[in-house]
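Engineer: The structure's right below; bear with me while I get my questions together.
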Amino acid sequence: MSNRRKLPRRQGPVDALIARLDGARLPGGCDRCDAYQVVSAYAIGPVHEIDVYHDASCPYLAAFATGERTAP
């Protein structure tokens, strides 16, 4: 459950496409694990949100979490 509130939807061709993808789970997002992406249709200005979810064993995620500058 998210504590983010949904903002009013914008109107436009790209916004209509993103609105149809709201909540969609898409494969990909990381070359090093079996990640997936989730689309959120709400927008803040011209920006829409796509969250990437990595596997727990992802070396990129592990490097990012430990603060390393370069991922393996």
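Engineer: When averaged across all projection directions, what area in nm² does the alpha-carbon convex hull of the range 13-66 cover?
Structural biologist: Here the figure is 4.4 nm², rounded to one decimal.
Engineer: Counting other beta carbons within 10 Å of each Cβ, put Leu61, Leu21 in order, fewest first. Write down the numbers at each step before the final one.
Structural biologist: Details: Leu61 19, Leu21 14.
The order, fewest Cβ neighbours first, is Leu21, Leu61.
Engineer: If I model a spin label at Asp31 and Asp15 as a point 7 Å from the Cα along the Cα→Cβ vector, what separation in nanometres do I get?
Structural biologist: 3.6 nm
Engineer: Nearest 0.05, what FRET efficiency do Asp22 and Ala56 give at R0 = 25 Å with Cβ-Cβ as r?
Structural biologist: That gives a FRET efficiency of 0.45.
Each value in this text was obtained by applying a stated rule to the coordinates, not by laboratory testing. Just so it is clear, the structure is predicted and the values come from calculations on it, not from any experiment. As a convention, Cβ positions derive from the backbone with ideal geometry for all residues, glycine included, and neighbour counts pool all protein chains shown.
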